[in-house]
Amino acid sequence: MEIRLLRESDARGSFSSGDDDLDRFFHQYAGQNQFKHHIGVTYVAVEGTRLLGYVTVAAAQLDVEHVPRKQRSKLPQYPVPVLRLARLARDKSAEGLGVGEALLFHVLRLALRMARDYGCYGVLVDAKAGKVSYYARYDFEVIEIEEGESGTRPRPTPMFLPLKLIIAAVERSLPKE
Amino acid sequence: MATEVQISASISREVKELLEKRTRATGVKKGHLVEQALLHHLIALDALPDDVLVRPRVVISSETAAKIEAHASGEPSQALVALMGRGD
């Protein structure tokens, strides 16, 4: 299985995850999003020409609403860059191949690269109903958003994974000398 | 449009009736209404609907920021360690 950028030549029409919203986005808008408006990027999991899954990400910023100085958290009082994972789907025929995990791994590696190249505080995911426990398993925590929630309906649950935890996980995964 | 051309298309009887009802009610010429409707439709096809846009600015409360900070100082789960250790 290879994870690569979506190409205009990819035949997306037959992709079916079983979720109408995810399929409609992939069929109709993932290309526009990426090739025309440049406001998000879709990566696909492929085997030959067969599309097994996709994930769409975009750069975003996390901003703490204005509060009196003494009530402020330690998070900087200016926007911090984050990577927003907007959509992740796997084709029904690819069940059991670990496509979702491979795509999530790819996104977390993108966040690490983004942190190194121009800054990233963590990964924000818009978790679909029924997927909250999946992301929670990988340390994403449910958060409340005051502004900037996803326009998708039914409303997804925003969850956040700080970059510090991703880095700690990478360090733990390295073989001990 | 500077130059007008004629097009022809077969449409359902129901849509034709709606079109005629509308032109009778408003006095707008049929050709003008068809042209405007087509234009709106083509622009809409080209635009991204609100629900597919990924909003770039996310505002959180100070309480949520504090919750994120506390979470960041914790330990990664075994599942996350295994995921990040999977290699390419």
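Of the helices (runs of 4 or more DSSP H) lying entirely inside chain B, the ones with 3 or more residues being over 20 Å from the mean Cα position of the chain (by Cα) and under 30 Å from residue A:140 (Cα atoms) are found at B:62-72, B:78-84.
So, of the residues in the stretch A:66-93 that are basic (Lys, Arg) and in contact with a Ser or Thr (Cβ under 8 Å, 6 or more places away or on another chain), which turns out to be modelled with the lowest pLDDT? Applying the filter and picking the extreme gives A:72. Per this entry, residue A:96 is counted among residues that are closer than 29 Å to residue A:1 by Cβ, modelled with pLDDT under 95 and not basic (Lys, Arg).
A quick yes/no check of all residues on (1) at pLDDT below 90; (2) not acidic (Asp, Glu):
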position: B:2; (1), (2): yes, yes
position: B:37; (1), (2): yes, yes
position: B:43; (1), (2): yes, yes
position: B:47; (1), (2): yes, yes
position: B:51; (1), (2): yes, no
position: B:56; (1), (2): yes, yes
position: B:61; (1), (2): yes, yes
position: B:74; (1), (2): no, yes
position: B:79; (1), (2): no, yes
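For the stretch A:111-144, filtered to residues that are in a loop (DSSP other than H, G, I, E, B) and surrounded by fewer than 19 Cβ atoms within 10 Å (Cβ to Cβ), the residue that is nearest to the other protein chains (Cβ to nearest Cβ) is A:144. Residues in the stretch A:16-52 that are assigned to a helix (DSSP H, G or I) and under 18 Å from residue A:96 (Cβ atoms): 0 in all. In this structure, is residue A:12 of a type outside the set (A, V, I, L, M) and in contact with a strand residue (DSSP E or B) (Cβ under 7 Å, 6 or more places away or on another chain)? Spelling it out, residue A:12 is indeed of a type outside the set (A, V, I, L, M) and in contact with a strand residue (DSSP E or B) (Cβ under 7 Å, 6 or more places away or on another chain). Checking residue A:150 against (1) more than 19 Å from residue B:77 (Cα to Cα); (2) within 8 Å of another protein chain (Cβ to nearest Cβ); (3) surrounded by fewer than 20 Cβ atoms within 10 Å (Cβ to Cβ), which test does it fail? The failed condition is (3).
Of a type in the set (Asp, Glu), over 22 Å from residue B:57 (Cβ atoms) and either touching a Phe, Trp or Tyr at 6+ places or on another chain (Cβ under 8 Å) or at pLDDT below 90 (or both): does that describe residue A:63? So residue A:63 does not fit the description; no.
The values are calculated or read from the model by the stated rules, or taken from the named source; none is laboratory data. Everything quoted here is computed from the prediction, not taken from an experiment. We place every Cβ from the backbone using ideal geometry, glycine too, and count neighbours over all the protein chains shown.
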